[in-house]
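Any read-out appearing in this document is the output of simple, stated calculations on the displayed coordinates, not a laboratory observation. Small disclaimer: the values here were computed from a predicted structure and weren't measured. So basically every Cβ, Gly included, is an ideal-geometry build from the backbone, and we count neighbours across all protein chains shown.
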């Protein structure tokens with residue numbers, strides 16, 4: 001069978017699937033727009049609230065802000081954060097094929113989670129040309145000092 005025959009055979013079933021699931025696609029599109037708006041609103045707040053030395057302080061571990069709490073409460077908070085981050089990463093991966101901001105959602109999920117090597121991954125991401133400059137631009141609009149990165 002030729003490639004054209006296969007393509008023609010696949011298109012009608014895809015078209016039928018799209019017609020049968022219009023409501024689902026509408027909800028996914030709406031969810032995509034909602035997540036975009038939330039990311040646009042939340043990202044600057046997070047960037048502004050972070051310390052300028054956030055990426056320099058090797059003693060700071062994600063989740064340390066809860067160190068004064070009972071160990072079970074701290075464990076519960078870290079578990080919920082990691083679970084929420086995992087959901088965002090999985091949703092972001094799905095959004096790579098579905099409507100949505102897949103990469104942004106994956107990065108947000110990784111930012112929320114705690115895992116070994118997270119700090120190195122964050123710094124690697126910040127060293128991508130333009131990323132640190134744009135984050136510092138957001139900070140400058142709020143009269144906050146620019147982020148400091150460790151030397152290479």
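The figures follow:
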read-out	value
Nitroxide proxy distance, nm - points 7 Å out along Cα→Cβ at residue 30 and residue 46	2.5
Efficiency of FRET between residue 14 and residue 37 - r from beta-carbon atoms, R0 30 angstrom, step 0.05	0.50
